[in-house]
Each structure stands twice: as C-alpha cells, then as structure tokens.
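Heads up, the thing below is written out as structure tokens.
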Amino acid sequence: MKLLNYRIIVEKEKQGKNLVYVAYVPSLGISDFGKTIDEAVKNTEKAIKVYLETLRETENLIPEADADEYFVTTSKIQLAV
C-alpha cells in the first residue's frame, strides 16, 4: 500500500441560481463538484482513486504525488477605477 498526496483546490461557482463547489486536482487534470466543500472534496477523492486505479490497470505511469511543502493564499487588492 502506498500513500499518495494530491493537492485539491476548491472554488465556489454559480450554476444558474445555485452555488456549487468545484474541486480540481491540477497535477492530474481531473475535477468534480458538490453542494458543499466537503461533498466536492469527497467526490474528487473518489475520482482520484478511480483515475489512479485505471492508470495502474492499463499499465500507465501514475503521476508523482504533490510535495507536502506547499502554501496557497489569496489577497484582495484595492484598485481605483
């Protein structure tokens, strides 16, 4: 058993009148969504597992896991228009 760490980024998106959370894994190029952040992450984790299992079954290389030393932040910048 091997533990692989892949970064999941979650963004809020408007779909019609509703808000959903879209989670994506940049290093694998896959994404999923949910009504909550937790649901989006869980759905994406399932998608990661299926994707990696499919790669293994088809004897393709499994992408390297993401480094643990990673920090993401946002910054609000005020700009006069």
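Determine whether VAL10 is in contact with a helix residue (DSSP H, G or I) (Cβ under 6 Å, 6 or more places away or on another chain) and not hydroxyl-bearing (Ser, Thr, Tyr).
When the stated conditions are applied, VAL10 passes them.
Please find, within the range 37-81, the residue that is modelled with the lowest pLDDT out of those that are in contact with a helix residue (DSSP H, G or I) (Cβ under 9 Å, 6 or more places away or on another chain) and either surrounded by 14 or more Cβ atoms within 10 Å (Cβ to Cβ) or not hydrophobic (A, V, I, L, M, F, W, C) (or both).
Among those residues, the one meeting the criterion is PRO63.
What residue, among those in the range 1-28 that are among the hydroxyl-bearing types (Ser, Thr, Tyr) and touching a strand residue (DSSP E or B) at 6+ places or on another chain (Cβ under 6 Å), is nearest to ALA40 (Cα to Cα)?
Applying the filter and picking the extreme gives TYR21.
I'd like to check something: does the range 12-33 contain any residue that is part of a loop (DSSP other than H, G, I, E, B) and of a type in the set (Lys, Arg)?
Yes, the conditions are met somewhere in the range 12-33.
Checking ASP38 against (1) within 18 Å of GLU11 (Cα to Cα); (2) more than 13 Å from the chain's Cα centre (by Cα), only one condition comes out false. Which one?
ASP38 satisfies every listed condition except (2).
Mind listing whichever residues of the range 41-63 are out of contact with any Asp or Glu (no Cβ under 6 Å at 6 or more places or on another chain) and closer than 10 Å to VAL10 by Cβ?
Within the range 41-63, just VAL41 meets the criteria.
Please enumerate the residues belonging to the range 1-12 that are surrounded by 11 or more Cβ atoms within 10 Å (Cβ to Cβ) and touching a Phe, Trp or Tyr at 6+ places or on another chain (Cβ under 9 Å).
Once the filter is applied, which keeps residues that are surrounded by 11 or more Cβ atoms within 10 Å (Cβ to Cβ) and touching a Phe, Trp or Tyr at 6+ places or on another chain (Cβ under 9 Å), the range 1-12 yields ARG7, ILE8, ILE9, VAL10, GLU11.
Restricting the first residue to the range 49-60 and requiring it to be under 14 Å from LEU4 (Cα atoms) and among the basic types (Lys, Arg), which pairs with a second residue that is at pLDDT 95 or above and surrounded by 11 or more Cβ atoms within 10 Å (Cβ to Cβ) meet a Cβ separation below 6 Å and a spacing of at least six or different chains?
As it stands, the answer is none, since no pair meets every condition given.
The values are calculated or read from the model by the stated rules, or taken from the named source; none is laboratory data. All values reported here derive from a predicted model rather than from experimental measurement. Methodologically, a virtual Cβ is constructed for each residue, glycine included, from the backbone with ideal geometry; neighbour enumeration extends over all protein chains shown.
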